[in-house]
Amino acid sequence: MNFPIRTALTALLALLGSQAFAQITLYPQEGWRGRPVSVSRSIRDLSRIGFDNRASSVVVEHGRWEA
């Protein structure tokens with residue numbers, strides 16, 4: 001296999017593999033209280049999972065997240 005293609009495929013597989021292990025847990029109250037919601041994929045709109053303006057505590061289990 002061509003070196004640039006093999007390198008690109010390796011990077012893509014590494015990226016996909018790291019996303020599979022990414023997880024964040026959101027809590028509606030401070031101090032990790034309330035009913036938690038765990039997320040393992042990118043979500044543009046938290047209102048779809050009931051956390052529009054309610055997430056007050058967060059635990060990042062794996063991966064990198066941006067809010």
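The values are calculated or read from the model by the stated rules, or taken from the named source; none is laboratory data. The shown structure was predicted, so the numbers you read here are calculated from the model rather than taken from an experiment. Please note: Cβ atoms are built from the backbone with ideal geometry, for glycine as well, and neighbour counts cover all protein chains shown. Ligands, DNA and RNA are excluded from the accessible area calculation, which covers all protein heavy atoms including side chains. Shrake-Rupley method; radii C 1.70, N 1.55, O 1.52, S 1.80 Å.
Contact list please: Cβ distance under 8 Å, first residue in the stretch 40-51 and under 17 Å from Y27 (Cβ atoms), second residue in a loop (DSSP other than H, G, I, E, B) and open to solvent by less than 60 Å² (accessible area, probe 1.4 Å), pairs at least six apart or on different chains. Taking only residues 6 or more apart or on different chains, the pairs are S40/A22; L46/A55; I49/I43; F51/P28. The number of residues in the stretch 20-44 that are part of a loop (DSSP other than H, G, I, E, B) and under 14 Å from the mean Cα position of the chain (by Cα) comes to 7.
The residues of the stretch 18-54 that are surrounded by 10 or more Cβ atoms within 10 Å (Cβ to Cβ), in contact with a helix residue (DSSP H, G or I) (Cβ under 9 Å, 6 or more places away or on another chain) and at pLDDT 80 or above, listed by number, are L26, V37, V39, S40, I43.
Among the residues of the stretch 55-66, just one is open to solvent by less than 70 Å² (accessible area, probe 1.4 Å) and under 10 Å from A22 (Cα atoms), namely G63.
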